[in-house]
Every structure is written in structure tokens, then in C-alpha cells.
Amino acid sequence: MEGRHCTFEVLLQDFKENLEGAKYISIDTEFTGKDEGGFEDSVEDRLSLMCDVVEKCTLTQIGITIARDVDNNRKISFSTYSVLCFPGEDRKSFECQVESLRFMRRAGLDLNAWIDDGVPCVTREYAEAHLRYQSQDELTSRCGLLRLWQALCDAQKPVIFHGAMDLLYLLRTFETARLPRSPKDLADMANKRLPFIYDTSMLCTGIPSLQAKPQKLSDLFCSVQALYTRAVHEGNSQRVDMIWEARTMERYKQALFETARQHILGDPINEPKRGDPYSASNSHRKSQSGLHEAGFDSLITAIMFLYLWCLLDTRLQEFINRLFLFKSIYCLNLAQPNKTDAFFAFEGKVHVGSVASHERDALTDQISRLGGDRCFYRKIDETQVMVFVRGNKEESQKNFQQLKNNIPKVTWQGLDKWRKAMLQKSGRRRSSVAESETSLQSLTSTSTPQSKSKAAPSPPWRQQQQQQQPQQQ
């Protein structure tokens, strides 16, 4: 269901009705700017960088998918909402990154409709300071999207994201103009509104065969879907049937098909073709694919979460309130802010390889040939690659030695030594090296810290079994 200023009241009423029976909610946002952090950043520095961008830029679109139990918990139903949102009266200006605007146009966003008919949004902070003495009708009109955010927070349901940026934009848009830079203070703010958060990017780090997969939403969705399908076929995972609300099916059925087709054919939708990327034919092709339309992205995030829930089962609890930071070895942990290792479920050791720029692709090809069961990589820049070598101490040493023998002309460093060098080389403000070393050491640990204050909901099939047990007795 699409929401604009002229249709928002109808959407809000429908949203509240579906929210009452929600099992979980997934959210995706589109925005006018993103951060450009790197692997050398500490959690504190990355958070500060992300907050700087979020405070300067703005949301353009919010996508929300509500997942509900139907047919006595035997099926999951999805209802999706997509809302154009425009800054309200508490904001006089904002920044737009050029590439972000091009990216949204390639995805089919109507910028004219966004400006002319976007739903206004103000922060709770502003509303409490300036709108408390307004009449109910005036308050309703001027608060705009804040009322939807309030309904979402009041529901206290698990909320699903793909990465940390969406959450920061939501907090900036609906809570306060100035976000806290301390991970602990940010966690306090987020937990007050959304106490149960899961990140599909983070959940994938708990499954070895998915740890090496690219974190791009569409690619990861197809990888998770394939893994889930195979697990069900082999009897290693319970099958959960999914149904779509009629409006959601009508709007996104073709886009789901296109996502699978693009993945198989290798025709990425976010790359412009030769010629004018904004021509009528090309714009139509992009918008028809659905990707990067916030509603559709929230839908495949919701479906992917269900797949991962089935695959992880009770291990889902290990990942509650952990948000993945792209191009980073850390995560943003809202449950335990001092536990920031993103690959805490990874067993092995991390190395950084440096080569000449023209030899980097040869290096990554050799790593891929060794197989994902031995190692995988993340590209840092044109000359450096971060390599995750699997296994216990002896196994990882053996696999790393084989890697070194197969790939000459590479300068190797341990992760902690590499990061020290990057901290000294960088001109940006950094956290202390000592604090970073403490976090880095945990990357080789197989321990999985549990959140003691939160309880993950039961998987759909487990709830069904629990309900049947009294009858069997």
C-alpha cells in the first residue's frame, strides 16, 4: 500500500489494524546520503561518521512490512507499506549526495512526487516543545509521520533491519535532531523505543556458508532463499508457508520475479546501462525491478528474516540487538555496547593481504579457488584484501600456509598490526588503540555472548508444536 500526503490517513488506519496481530516488522529506508567509512574505523568513529551524515541528510521513503501469523500459526502473511516522507517544519534545509540522488532515480523514485506529496515528519523532541498546546486537529496535521512511528513503537514487536543505517535515520527523523555519539547512549535511546531488533546482515554471519556472501540485499536474499530451500528439501529445516496480502501481491509479485531473474542472469539493476541512465526506457526498466523501492526492500528483508529464523532456530537469540556495520569488522551492539565483534560466530583467524592494484583480482580469484570452507575475503580497497581463514588454531595455520604458498607476491599482516598502522596513518579522529585491540582479540573466539535481558520469540513451527503439546498429553 502506497502512502502520500493525500492518502496518509487511510494508510495509517490500515497500518494500525494490521499492527495488532504482528509477529514481527521489517523496515527499509531510502535517503539522500550515506557514510563512507572503512575497515579501519572503530565502532565509536564509525558511529560518529554515520551520525554526521544522518543529521545532515534526510529520508525520502520508508518501507514497512508487517508479518502476521495466520491459519493457527501454520502460515505467515505479509502486508507491505511504502510511504514518501519529506522534512517537516522543524527542518529548514538538508544535504543531498549526488550519487544518492542518481541512485534513487535509477531505482525509479519520483522526486517531484516526493517534494509535492511527501508526508511531513517532525521529531518527537520538536513536537513536545512546540506543538503540545495545539488543537487535536492541528496536532494531527503537523505531526504527520510521527504518528505512524509512535504506533510502531507502542506495538513493542521485533523489528528487522538490513544494516544499521536505517535505524539511525529513523531515530534522527522521529526522535531528536542530535543523535548521541556514544554507543551506550545510542543503545539506551533505541532500546527505549524498539526493544527487540534483528539485522539480517548480522544473522548471516552465524551461518558459515553465508559468511562469505556479499551483503548486498538482493544477492543475499537469493543466497539465503537457496540455502533455506535446500535445507527444507533435505529435512534439515521446517517448511513455513507464506501468503501475501492482495495489495502487496499485486504491487510486488513482478518485482520478486525480477529479483530472481536478475540474480540468475547477473544483470545488476543498480548499474546504469550505456547511454542516458535516466531515459524513459531505462527508468521504466529500473522501477519495474522493484529493488531500492523501500516497500519492496522491506518485503524481501521480512522474507529473508523468516528463512534465517528457520535456519538458525534457537540460535536466533545470540544475534538480538546487534546491527551489522558494512565494510567493518565490528557491529553496533545495542544489548551489550562493549561486545562489538561482528564475526563473533566465526572460528578462525583474520589476515590482511596487500598487493599491487593490478594483481588484486588475481589474489581474490585464488582465495575463491581454495573454497569457502577454508577461507573467504572482503575487499578493503584497490590494493588490500581482508581474508578470514577458517578452523581452530592448527587448522587455520595450515590453511593460511597453503594460501601463502599458492599466492606469492603478497604482503601479509595480522589484523591487529594492520589496524594499528591504519590508525597511525589516518588523519581522522580515532579511539585508542588499546580499546581496539581488546575488541580485535575476540574475533578469534568461538564464544557467543547471550543477551540476558531479552528473549527471542519462538519460530513459527515451534509455537505450533507448543500449542499442540497439551492436546497430546
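The values are calculated or read from the model by the stated rules, or taken from the named source; none is laboratory data. It should be emphasised that the depicted structure is a prediction, and the values quoted were computed from it without experimental measurement. Don't worry about glycine lacking a Cβ; one is built from the backbone with ideal geometry, like all the others, and counts go over all protein chains shown. When the accessible area is computed, the model is the full protein with side chains, heavy atoms only, and any ligands, DNA or RNA have been set aside. Shrake-Rupley method; radii C 1.70, N 1.55, O 1.52, S 1.80 Å.
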- Failed item in (1) touching a residue at least 24 places away in the same chain (Cβ under 8 Å); (2) assigned to a loop (DSSP other than H, G, I, E, B), with residue 132 passing the rest: (1)
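Go through segment 287-336 and count every residue that is of a type outside the set (A, V, I, L, M) and closer than 23 Å to residue 104 by Cβ. Lay out the reasoning, then the answer.
Keep residues of segment 287-336 that are of a type outside the set (A, V, I, L, M), which gives 287-290, 292-293, 295-298, 301, 305, 307, 309-310, 313-315, 317-319, 321-322, 324, 326-328, 330-331, 333, 336.
Next, only the ones that are closer than 23 Å to residue 104 by Cβ stay: 287-290, 292-293, 295-298, 301, 324, 326-327.
The number of residues fulfilling the criteria is 14.
With respect to residue 323, determine if the residue is open to solvent by less than 40 Å² (accessible area, probe 1.4 Å) and within 16 Å of residue 183 (Cα to Cα).
Considered against the rule, which asks whether it is open to solvent by less than 40 Å² (accessible area, probe 1.4 Å) and within 16 Å of residue 183 (Cα to Cα), residue 323 comes out as yes.
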- Residues within segment 326-338 that are among the polar types (S, T, N, Q), open to solvent by less than 10 Å² (accessible area, probe 1.4 Å), part of a loop (DSSP other than H, G, I, E, B) and farther than 17 Å from residue 212 by Cβ, tallied: 0
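Go through 210, 139 for me and flag whichever is part of a helix (DSSP H, G or I) and open to solvent by less than 20 Å² (accessible area, probe 1.4 Å).
Every option except 210 fails the conditions.
Please enumerate the residues belonging to segment 43-74 that are of a type outside the set (Ser, Thr, Tyr) and under 17 Å from residue 26 (Cα atoms).
Step one: filter segment 43-74 for residues of a type outside the set (Ser, Thr, Tyr), giving 43-47, 49-57, 59, 61-64, 66-74.
Those that are of a type outside the set (Ser, Thr, Tyr) and under 17 Å from residue 26 (Cα atoms): 59, 61, 62, 63, 64, 66, 67, 68, 69.
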- When you go through (1) of a type in the set (A, V, I, L, M, F, W, C); (2) closer than 15 Å to residue 121 by Cα; (3) open to solvent by less than 50 Å² (accessible area, probe 1.4 Å) one by one for residue 50, which number turns out not to apply? (2)
- Task: Looking only at segment 110-133, count how many residues are open to solvent by 80 Å² or more (accessible area, probe 1.4 Å) and not acidic (Asp, Glu).
- Result: 5
- Note on the structure: Among 270, 236, the single one that is among the polar types (S, T, N, Q) and modelled with pLDDT under 70 is 270
- Quick one: what pairs do we get from segment 95-117, first residue without any contact (Cβ under 8 Å) to a residue 60 or more places away in the chain, second open to solvent by 90 Å² or more (accessible area, probe 1.4 Å) and in a helix (DSSP H, G or I), C-beta under 8 Å, 6+ apart or different chains? none
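Can you tell me which of 83, 54 is under 24 Å from the mean Cα position of the chain (by Cα), part of a helix (DSSP H, G or I), of a type in the set (Val, Ile, Thr) and under 26 Å from residue 157 (Cβ atoms)?
Values: 83 fails: part of a helix (DSSP H, G or I).
Within the list 83, 54, the selection yields 54.
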- Restricting the search to segment 399-427, which residues are under 17 Å from residue 383 (Cα atoms) and either in contact with a Pro (Cβ under 7 Å, 6 or more places away or on another chain) or in contact (Cβ under 8 Å) with a residue 40 or more places away in the chain (or both)? 407, 409, 410, 411, 412, 413, 414, 415, 418, 419, 422, 426
- Query: Which residue out of 23, 75, 56 is modelled with pLDDT of 95 or more and open to solvent by 60 Å² or more (accessible area, probe 1.4 Å)?
  - Reply: 56
- Taking only pairs six or more apart or across chains, which ones have beta-carbon atoms under 7 Å, a first residue in segment 357-372 that is basic (Lys, Arg), and a second residue that is outside any loop (DSSP other than H, G, I, E, B)? 360/385
- Query: When segment 226-240 is examined, which residues are found to be out of contact with any Pro (no Cβ under 9 Å at 6 or more places or on another chain) and either open to solvent by 60 Å² or more (accessible area, probe 1.4 Å) or closer than 17 Å to residue 294 by Cβ (or both)?
  - Reply: 229, 230, 233, 234, 235, 236, 239
- Task: Quick one: residue 373 ticks every box in (1) under 20 Å from residue 329 (Cβ atoms); (2) within 27 Å of the chain's Cα centre (by Cα) except a single one, so which number is it?
- Result: (1)
- Note on the structure: Within segment 339-372, restricting to residues that are touching a Lys or Arg at 6+ places or on another chain (Cβ under 7 Å) and open to solvent by 30 Å² or more (accessible area, probe 1.4 Å), the one that is farthest from residue 419 (Cα to Cα) is 359
- Apart from one, (1) over 30 Å from residue 418 (Cβ atoms); (2) not in a strand (DSSP E or B) all hold for residue 69; the odd one out is (2)
